Each structure stands twice: as C-alpha cells, then as structure tokens.
Amino acid sequence: MGNPSIIERKERFARKMAGKAKPTVRSTSRLPPGQHLTTGFPVLDLGIQPEISLDKWRLDVGGLVENPKIFTWEDFNALPQFEDVSDFHCVTTWSKFDVRWGGVAFFTLIDVVRPKPEVKYVLFGSRDNYTTNVRLEDVMDDDALIATKYDGKPLPLEHGGPARIVIPKLTAGKVPSLFNRLSLLPMISPASGKCAAIAIPPTPGLKIDFQAVRRPPPTIHKRT
C-alpha cells in the first residue's frame, strides 16, 4: 500500500499478535467529558433491526482494491479470528468499560482485498441503510475489528449482529452495526442513507485520548 504509517501500524499489529508489544495506553482518564458509565449495554439503532439468516448474509468489499470480494458468512469466519478488550463510548453519552469483542481484525481484511495506494477513506454501509465515512488510518488501529462476538458469544441482533464495526477511538454513532458492505475510496463519499454520519474528524469534544487501557492481551486463532 506504500503508506509508511500503514506499514508501521501493520508491524505493530504483528508484534501485538506475537505478544511482543505492550498494550496501548491511550489515557489515564477512561471516561470522556460528558459521558456517564453504565454496566449494562443499551441498544443503539435507528429503530430498524432487519433480521437475516447466516446462510444469506454477505459482506461486499469493493472500491479501489486489487481483490474485491463478497464474503459469505462461512468465508468470513474462515479468516483468522481476533479477540480484544476495549472501552465503548456512545454519542448518547454513555460509556461501557472492558467490552470483550471477537471477530476479524481490519488488518486481516485489508490484507485480503489489498487497497490501492490512493485509498484514504472507508465508506461503511449497513442493512438499515446507515452509511458513514471514516479515515483508512482509523480502521488500521490495532484494536479495530469487524465483531461477530460479544463477551464470547455470537453478537445478537439488538447489538448489531451478526456483524458490526468496532473502532474504539470513535464513538458508536460513527461506526455501523448491522454491517454488510464497505468501499475503500480516495476521498470522502457523500453518505447517502436514512441516517448519514461523516466521521471525519472524530466526534468533536471527544478527544482521541479517551480510550481505555486494554486489559487482557488479545488472542488470535487460525481456523484449520
């Protein structure tokens, strides 16, 4: 991909997976200004929760990539599996600490589709027609993933299952649940859906250093 910052991030991710990198410390203060802590997990959606059977689920990855791909559920879950723990912050002012996610790291997906050098942004789309743009550098953080599990169990529909985007340094409103497509692009795309959120830069007032210290080390499992 030719972007030194991306290469450096990939090298850090490799060290993290090998247990050679210390957990990232984003802040000594875990709760962002204006947020309140919850021990539950409130439901955040557009009031639409379209169900889909796993045999019909598809993930369409395209745009400026060398290898566009449409994944079935079986294809996607055959990719190396990633687990991490991070804090979750919602634009509706609640935060939840130490959320354990499992799924596929963005680094893994990026290696499969191979974005072209001019890619700078990612456009996500969901089954409820929610769309949002984020920077490529945001999905290349070593704790960003496409989550299919929450707390060791399949991600339920009410929390965006069967797959949702998790980018801990962005608030939940900036990354979609019910996720089913993404395009890698050279510029911001006009988001077009029932609810559009341009996540560039991250939410004003919630600085990037609000992230939690990740507690347990991540694990990765290769399926045979």
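The values are calculated or read from the model by the stated rules, or taken from the named source; none is laboratory data. Keep in mind that this is a model prediction, so the values were computed, not measured. No Cβ is skipped: glycine too gets one built from the backbone with ideal geometry, and neighbour counts run over all protein chains shown.
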Please give the number of the condition F210 fails out of (1) farther than 26 Å from L64 by Cβ; (2) aromatic (F, W, Y); (3) at pLDDT 90 or above. (3)
Which of the residues spanning region 116-138 are in a strand (DSSP E or B) and within 24 Å of E158 (Cα to Cα)? L123, F124, G125, S126, Y130, T131, T132, N133, V134
Criterion violated by T148 - all others in (1) touching a residue at least 60 places away in the same chain (Cβ under 8 Å); (2) touching a helix residue (DSSP H, G or I) at 6+ places or on another chain (Cβ under 6 Å) satisfied: (2)
Give just the number: which of (1) modelled with pLDDT of 75 or more; (2) under 26 Å from A78 (Cβ atoms); (3) surrounded by fewer than 20 Cβ atoms within 10 Å (Cβ to Cβ) does H221 not satisfy? (1)
From L46, L109, L31, grab the single residue that is in contact with a strand residue (DSSP E or B) (Cβ under 8 Å, 6 or more places away or on another chain), within 16 Å of F179 (Cα to Cα), at pLDDT below 90 and not aromatic (F, W, Y). L46
Would it be correct to say that T148 is hydroxyl-bearing (S, T, Y), modelled with pLDDT of 95 or more and surrounded by 15 or more Cβ atoms within 10 Å (Cβ to Cβ)? yes
Take the conditions surrounded by 20 or more Cβ atoms within 10 Å (Cβ to Cβ) and either closer than 23 Å to P33 by Cα or touching a Leu at 6+ places or on another chain (Cβ under 6 Å) (or both) and apply them to F107. Does it pass? no
Under 17 Å from L178 (Cα atoms) and modelled with pLDDT of 95 or more - does that describe any residue in region 86-97? no
I'd like the full set of residues that are within 13 Å of the chain's Cα centre (by Cα) and among the charged types (D, E, K, R), limited to region 60-86. E83, D84
Flagged in region 66-115 as among the aromatic types (F, W, Y) and either over 18 Å from V139 (Cα atoms) or in a helix (DSSP H, G or I) (or both), in numbering order, are F71, W73, F76, W94, F97, F106, F107
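Quick grid of which residues meet (1) within 19 Å of E11 (Cα to Cα); (2) of a type in the set (G, A, S); (3) surrounded by 18 or more Cβ atoms within 10 Å (Cβ to Cβ):
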site: E83; (1), (2), (3): yes, no, yes
site: F88; (1), (2), (3): no, no, yes
site: W101; (1), (2), (3): no, no, yes
site: T131; (1), (2), (3): no, no, yes
site: D143; (1), (2), (3): yes, no, yes
site: P154; (1), (2), (3): no, no, no
site: G160; (1), (2), (3): no, yes, yes
site: S183; (1), (2), (3): no, yes, yes
